[in-house]
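A short reminder: the numbers here are calculations on the coordinates, not readings from a lab. Just so we're clear, the structure is a prediction, and the values are computed from it rather than from any experiment. Positions of Cβ are generated from backbone atoms using ideal geometry, with glycine treated the same way; all protein chains shown enter the neighbour counts.
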Amino acid sequence: MRFMVVKPRVLGIVLAGGEGKRLWPLTADRAKPAVPFGGNFRLIDFVLSNLVNSGYLRICVLTQYKSHSLDRHITTTWRMSQMLGNFVTPVPAQQRLGPRWYTGSADAILQSLNLVYDDNPDYLVVFGADHIYRMDISQMVSDHIASGAEASVAGIRVPRHEATAFGVIETGDDGLRISRFLEKPADPPAVPDDPDVAYASMGNYVFTTKALIDALKADAADENSMHDMGGNIIPYFVDRGTANVYDFNRNQVPGATERDAGYWRDVGTLDAYHDAHMDLVSIHPIFNLYNSHWPIISLPPTLPPAKFVENGMALDSMIGPGTIIAGATVRRSVVSDNVRVQLGSSVEGSVLMPGVRVGRNAIVRNAILDKNVVVPDGAMVGIDLEADRAQYTVTPAGITVIGKGITVNGR
């Protein structure tokens, strides 16, 4: 006699309402998860690709801040088969509990519990929308179910001296049950098997549905709460002794190379955003976008291939469709679609978003140029940082960032 294996019902919730102040000016006109990345993608494409590749095809994306381009991207790109009951849907703040917007990530889920009740899942996968990584989330869900925990937190091993920038997970001697959850501690606790390493929270969680609903309601009644998933909800489960850590180092993704296995980058700052792009362009990339076994999915524009004319060239770079490099040199850069770089110009160590125009004999070095930025003939970006700082944003690492649609002053 054959028995049908009943799979647990899982609903994915992606928290995508963040303002992303540290990515300004890239977030001046869009939500952080809608920021372009890697030439063809948006930041949110990475978490959605991980969910879909893991087999989770019912996903709600909770949006709030300047969400138009994010909502449009999701609705035009992430179309699932409704015949099979699958969906990826943006859910803007709806003020279901009164005339107020989301007051925190936990409140965002609380105000969207109608989605949970309608779908009636056994487990909830609650992930952030602004990290660069690959992950088979089904492995974490299986680990959560087997553990009997009410909440599981994905933790990545980082050197202790770097863990001060993250929420840090302390476990008991078993390395599983979370004993403390600390926000940016000055002296991060080590993992049980390595005194030089700490668990940093990735901001990715799996919950047993009823347990999370109970926690959200208890949190809503606490007037002193910040209504934050990491700051309030996870400590609630830690106090109950029902929170486990899932070691991201154990996650096995098909097609991963030895170099990029376990890669995770928080691109919450402009310097981290720039560094993550530089991770893409080496011969053996630190993060490999070319893994066909676990693709990062998006909808590229319908443009012709990139073209190189008048001895134009690109070295150690990624060049998007519709881009023309005409008698110019591009080095160690990520260039998006529909970009023009004209005769005699040089682009190096930079990120150029769609529609950027670089005129003749111009120089762009160590820069991030948002959509439709114009660099006129003879202009320089990233050469005189003091002059750049007077007009644009210059990061602590010396990256010049120019916001959407700006024309650079020729110098």
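So, counting K/R as plus one and D/E as minus one, what does the shell of residues with Cβ under 10 Å around V394 add up to? Let's see the in-between values first.
On the way: positive: R389; negative: E386, D388.
Local net charge: -1.
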Just how large is the dipole of the chain about the Cα centre, in debye to the nearest 20, putting +1 at every Lys and Arg Cβ and -1 at every Asp and Glu Cβ? 1420
Relative contact order of the chain: what whole-number percent is it, with Cα pairs under 8 angstrom and at least 6 residues apart? 13
For F87 and L299, compute 0.36 nm times the residue count separating them, minus their Cα-Cα distance, and round to one decimal in nm. 74.7 nm
Test of understanding: in a Gaussian network model of the chain with alpha carbons linked when under 10 Å, which of Y392, Y65, Y56 would top the mean-square fluctuation ranking? Y392
Put in order of increasing Cβ neighbours within 10 Å, starting from the fewest, V358, V191, V339 give V191, V339, V358
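Which of the three applies to the chain, rounded, prolate or oblate, going by the alpha-carbon gyration tensor with a ≥ b ≥ c and a/c under 1.5 meaning rounded? Write out the running numbers ahead of the final one.
Numbers: a/c = 1.82, a/b = 1.72, b/c = 1.06.
Prolate, because a/c is 1.5 or more and a/b exceeds b/c.
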Site L343, offset 7 angstrom along Cα→Cβ, radius 15 Å on amide nitrogen, limited to region 357-382, gives 359-362, 377-378
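Rounded, prolate or oblate: which fits region 36-119, taking a ≥ b ≥ c as square roots of the Cα gyration tensor eigenvalues, rounded meaning a/c under 1.5, else prolate when a/b beats b/c? It would help to have the intermediate numbers written out before the result.
Numbers: a/c = 2.05, a/b = 1.31, b/c = 1.57.
Oblate shape, in that a/c is at least 1.5 and b/c is the bigger or equal ratio.
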GNM of the chain, Cα pairs under 10 angstrom: of D337, D107, D118, the biggest fluctuation goes to D118
Measuring from a point 7 Å past the Cα of E162 along Cα-to-C-beta, which residues in region 121-143 have an amide N at less than 12 Å? none
Distance between region 22-43 and region 183-211 - C-alpha centres, whole angstrom: 27
Give the lysines reachable from K32 as a straight Cα distance under 22 Å; neighbours fewer than 8 places away on the same chain don't count. K21, K66, K184, K371, K404
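Under 8 Å for C-alpha pairs, at least 6 residues apart: give me the relative contact order for region 240-378, rounded to a whole percent.
Across region 240-378, relative contact order equals 14 percent.
If you take the square roots of the eigenvalues of the alpha-carbon gyration tensor of region 7-161 and sort them as a ≥ b ≥ c, do you get rounded (a/c under 1.5), prolate (a/b over b/c) or oblate? Intermediate results must be reported in sequence, preceding the final value.
Details: a/c = 1.35, a/b = 1.17, b/c = 1.16.
Rounded, since a/c falls under 1.5.
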Using the Cβ atoms and a cut-off under 13 Å, what net charge is assigned to the surroundings of D370, where Lys and Arg are +1 and Asp and Glu are -1? +3
Taking the Cα-to-Cβ direction at D222 and at I145 and moving 7 Å from each Cα, how far apart do the two end points lie in nm? 3.0
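Just want the ordering: W101, W294, W78, from fewest to most Cβ atoms lying within 10 Å of their own Cβ. The partial results should precede the final answer.
Working: W101 14, W294 17, W78 21.
Ordered by Cβ neighbours within 10 Å, fewest first: W101, W294, W78.
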Most fluctuating residue given options T209, T302, T400, as computed from a GNM of the chain linking Cα atoms under 10 Å: T302
Between the alpha carbon centres of region 343-401 and region 250-319 the gap in Å comes to 21
